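Everything below concerns the one structure shown next.
What follows is calculated from the coordinates using simple rules that are stated; it is not laboratory data. Since the model is a prediction, treat every value here as computed from it, not as a measurement. With ideal geometry, Cβ positions are generated from the backbone for all residues, glycine too; neighbour counts draw on all protein chains shown.
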Amino acid sequence: MEEISVKTHDRTELVDITSMVRDAVRKSGVSSGVCHVFVPHTTAAVTINENADPAVTKDVLMELNKVIPFDDGYRHMEGNSAAHIKSSLVGCSETVLIEGGDLQLGTWQSLFFCEFDGPRSRRAWVQVTGNRA
Ligand code: ZN
């Protein structure tokens, strides 16, 4: 297993971690298999979405923040219930197929670490399984 470190700078933020995950895949030596990305946090998540237009990730965050407001009479005393809810909705893992020793993502797809309670120092775990060439 490889660990990726992610430093976030905003309260909510999507960070493209594709190149770091790609490095973990190359390091594994697996040519055909699967890559699991797991985020071990309850106020963060991981998702796959468009990398070409940075407005897309901004729109995703804008709508998530609208649907799940930061303050809404939540009971959780830590004051970050919105982040916990977003984490559950988006999810803490993704699986991407590997062929030719590389991630099989669509042309416009990237893997994004989703910060919902930043800024913080975060991590993601990457496990690669499959056949070596
Ligand atoms: Zn909390």
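Note on the stretch 42-52: residues that are more than 16 Å from the ligand (Cβ to nearest atom) and either buried (at least 16 other Cβ atoms within 10 Å of the Cβ) or in contact (Cβ under 8 Å) with a residue 60 or more places away in the chain (or both) total 6. Residues being of a type in the set (S, T, N, Q), over 15 Å from the mean Cα position of the chain (by Cα), more than 16 Å from the ligand (Cβ to nearest atom) and surrounded by 19 or more Cβ atoms within 10 Å (Cβ to Cβ) are represented in the stretch 21-37 by at least one member.
Can you find even one residue in the stretch 89-103 that is surrounded by fewer than 15 Cβ atoms within 10 Å (Cβ to Cβ), over 24 Å from His9 (Cα atoms), under 15 Å from the mean Cα position of the chain (by Cα) and away from the ligand (no atom under 16 Å from the Cβ)? Yes, because at least one residue in the stretch 89-103 is surrounded by fewer than 15 Cβ atoms within 10 Å (Cβ to Cβ), over 24 Å from His9 (Cα atoms), under 15 Å from the mean Cα position of the chain (by Cα) and away from the ligand (no atom under 16 Å from the Cβ). Tell me, which residue of the stretch 53-88 that is within 16 Å of the ligand (Cβ to nearest atom) and in contact with a Lys or Arg (Cβ under 9 Å, 6 or more places away or on another chain) is nearest to Gly33 (Cα to Cα)? So, considering only residues that are within 16 Å of the ligand (Cβ to nearest atom) and in contact with a Lys or Arg (Cβ under 9 Å, 6 or more places away or on another chain), the one nearest to Gly33 (Cα to Cα) is Ala83. Pairs meeting the criteria (first residue in the stretch 1-28 and under 19 Å from Asn49 (Cβ atoms), second residue aromatic (Phe, Trp, Tyr), beta carbons under 6 Å, at least 6 apart or on different chains) are Val6/Phe113; Thr12/Phe116; Leu14/Phe112; Val15/Phe113; Asp16/Phe112; Ile17/Phe113. Counting only residues that are assigned to a strand (DSSP E or B) and either more than 15 Å from Val60 (Cβ to Cβ) or hydroxyl-bearing (Ser, Thr, Tyr) (or both), the stretch 1-21 holds 6 of them.
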